[in-house]
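Below you'll find the structure, written out as structure tokens, and then a few comments.
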Amino acid sequence: MSPTFATQMAEADSRALIRKIQRAIGFLAPLTVELPTTLYNAGSLIDLKTAGFLPVGIVSPDGWNFSREIEKEDVDALGYASPVRSDVTRVPRSVSFTPLEKGRKHMLELTYGTDLSGVTQAANGEIVFDEPDVPINAEYRLLVLGDDGPATENWILGKGFGRVKLSGTAEEVWGREGTVSSQITLDVFTDDELGTPVRHFIAGTGAVKYKDVLGFTQAPVGP
């Protein structure tokens with residue numbers, strides 16, 4: 001019996017792969033910290049703090065925005081309405097987010113492009129630092145993890161960036177409404193050691209349960 005449209009649609013579609021990020025965490029790290037090759041160690045999520053990553057903290061409801069533009073060069077030819085050849089020439093990538101927490105040392109260093117390693121906090125709690133005329137804009141590692149679904153069908157999605165650098169900040173408003181915050185935009189670069197700009201992670205019990213739908217070759221099970 002030939003398959004119907006409905007039966008083929010049921011086999012082709014999978015609602016389990018429609019994901020929303022319910023919770024997310026972001027971490028920065030100096031270039032001396034290695035970007036992980038796996039999110040798990042002995043069956044549990046790796047301890048990113050122990051690995052040397054520093055938390056970005058709470059961000060606005062807009063969450064994390066990953067931009068990937070594709071620029072190309074077309075070759076036109078006489079007698080053809082469509083290009084006869086097209087080549088990708090540039091793929092600028094960026095990450096933007098709005099941190100809501102104010103005062104973390106490493107986040108201030110990122111935002112203002114300065115080194116605060118020599119700044120101390122007074123006994124009365126006061127912290128004083130000068131913003132440089134020209135920002136240093138050091139490069140960092142960035143790791144963002146997203147979580148979705150119940151424990152039995154939990155998905156952990158991740159994006160690891162070997163090198164990011166501050167490219168812009170939005171205005172900071174001190175007013176009656178809203179928190180003191182400013183959107184941050186980071187440019188993404190290809191890391192020389194990794195040889196890639198972005199490392200993607202798909203993990204969790206959901207990835208195990210729906211491994212056949214994902215379609216990847218399965219690694220052999222160890223003894």
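Observations on the structure shown:
- In region 1-38, of all residues being under 21 Å from residue 200 (Cβ atoms) and among the hydroxyl-bearing types (Ser, Thr, Tyr), the one that is surrounded by the most Cβ atoms within 10 Å (Cβ to Cβ) corresponds to 14.
- If you go through region 39-66 and keep only what is surrounded by 10 or more Cβ atoms within 10 Å (Cβ to Cβ) and over 30 Å from residue 170 (Cα atoms), you end up with 39, 40, 41, 45, 46, 51.
- Residues that are part of a strand (DSSP E or B) and surrounded by 11 or more Cβ atoms within 10 Å (Cβ to Cβ) within region 90-99 comprise 93, 94, 95, 96, 97, 99, listed in sequence order.
- Filter result (more than 20 Å from residue 28 (Cβ to Cβ) and either of a type in the set (S, T, N, Q) or in contact with a helix residue (DSSP H, G or I) (Cβ under 7 Å, 6 or more places away or on another chain) (or both)) within region 101-128: 120, 121, 124
- Pairs with Cβ under 7 Å, 6+ apart, first in region 112-127 and assigned to a loop (DSSP other than H, G, I, E, B) and modelled with pLDDT of 95 or more, second of a type in the set (Asp, Glu) and exposed (fewer than 10 other Cβ atoms within 10 Å of the Cβ): none
- Some residue of region 9-29 being among the acidic types (Asp, Glu) and within 30 Å of residue 98 (Cβ to Cβ): no
- Among the residues of region 30-56, those identified as within 26 Å of residue 98 (Cβ to Cβ) and in contact with a Gly (Cβ under 8 Å, 6 or more places away or on another chain) are 30, 33, 35, 36, 39, 55, 56.
- Residue in region 68-88 that is closer than 24 Å to residue 24 by Cα and either of a type in the set (Lys, Arg) or loosely packed, with under 14 Cβ neighbours inside 10 Å (or both) present: yes
- Exactly one residue out of 67, 60 is more than 14 Å from the chain's Cα centre (by Cα), modelled with pLDDT of 95 or more, among the polar types (S, T, N, Q) and within 27 Å of residue 96 (Cβ to Cβ), and it is 60.
- Against the test of being free of Cβ contacts under 8 Å to residues at least 60 places away in the same chain, in contact with a Ser or Thr (Cβ under 9 Å, 6 or more places away or on another chain) and of a type outside the set (Gly, Ala, Ser), the options 47, 76 yield a single qualifying residue, 76.
- Residue in region 100-111 that is farthest from residue 140 (Cα to Cα), counting only those that are among the hydrophobic types (A, V, I, L, M, F, W, C) and not in a loop (DSSP other than H, G, I, E, B): 108
- Residues that are modelled with pLDDT under 95 and of a type in the set (Val, Ile, Thr) were ranked within region 174-188; the one that is nearest to residue 104 (Cα to Cα) is 180.
The values are calculated or read from the model by the stated rules, or taken from the named source; none is laboratory data. Every value quoted in this text rests on a predicted model; they were computed, and no experiment measured them. Here Cβ is always computed from backbone atoms with ideal geometry, including for glycine, and neighbour counts include all displayed protein chains.
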